[in-house]
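For reference, the structure is listed below as structure tokens.
The values are calculated or read from the model by the stated rules, or taken from the named source; none is laboratory data. Keep in mind that this is a model prediction, so the values were computed, not measured. Every residue, glycine among them, receives a Cβ derived from its backbone with ideal geometry; neighbour counts consider all protein chains shown. To get the accessible areas, we keep the full protein, side chains included, count just its heavy atoms, and leave off ligands, DNA and RNA. Shrake-Rupley method; radii C 1.70, N 1.55, O 1.52, S 1.80 Å.
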Amino acid sequence: MDFRSLLANIPSGVGRDLLSSEVIKSPSHFDTLLQLALHEKDPLAWRASWVLDGSDEKKPGLARRHISKIVLALPSLESKGSLRSLLRMLTRYDIPEEEQGLLIDLCFSYLVSELYPVAVKAHAMMIIYQHVLLYPELKDEFIAVIEDQEGNNSVGFKSRGRNLIKQLEKL
């Protein structure tokens, strides 16, 4: 299947759903799209990531064997659209212990940077929150970063941040 051509013309969520169905049928298609997502430029990279996320959402666990590879590729990822979709996908998984430190550090850096859109920051917050449940010593730092960044970000960031802080205060 020529995903490069198909992704160049993907018009809508319907096209995504059709491609996702093909990925679910053949795990080798997941590998092909992951390569495009991690190594191509936009719009191909973000479209491939978007299809991967949709495929994994429809068939939970589809990305499980790729989680370490995805986390290790994040620092060199140029596409913010790919980053958004891949972080969203990572929120559904337990991250291998060896990659948790890297992922948490990256997510904190996404939160404090003005270079990343609110969708990336929202998924980064969710990933950090999930790790605070494992490592409660991160709680105070996480709350401090959210509160510090509220003034620099959108209403969506503030809302997500406040909701997570409320959840953390219950712990």
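Listing for the model above:
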quantity	calculated
Magnitude of the charge dipole, the stretch 54-134, Cβ model with Lys/Arg +1 and Asp/Glu -1, debye to 20	400
Accessible area (Å², per residue) of the stretch 1-103, counting only protein heavy atoms and a probe of 1.4 Å	49
Extension reserve of the D94-M1 stretch, reckoned as 0.36 nm per residue once the Cα distance is removed	30.4 nm
Stretch gain in nm, segment K170-D148, where the contour uses 0.36 nm per residue and the Cα spacing is subtracted	5.9 nm
Peptides ranked, highest mean first, by Cβ atoms within 10 Å: ranges 79-88, 122-131	79-88, 122-131
Within the chain: Cβ-based charge dipole about Cα centre, in debye rounded to nearest 20 (Lys, Arg +1; Asp, Glu -1)	640
Percent accessible area from carbon and sulfur atoms, the chain, protein chains only, probe 1.4 Å	52
Virtual spin-label span in nm between Y135 and D17, 7 Å along Cα→Cβ	4.0
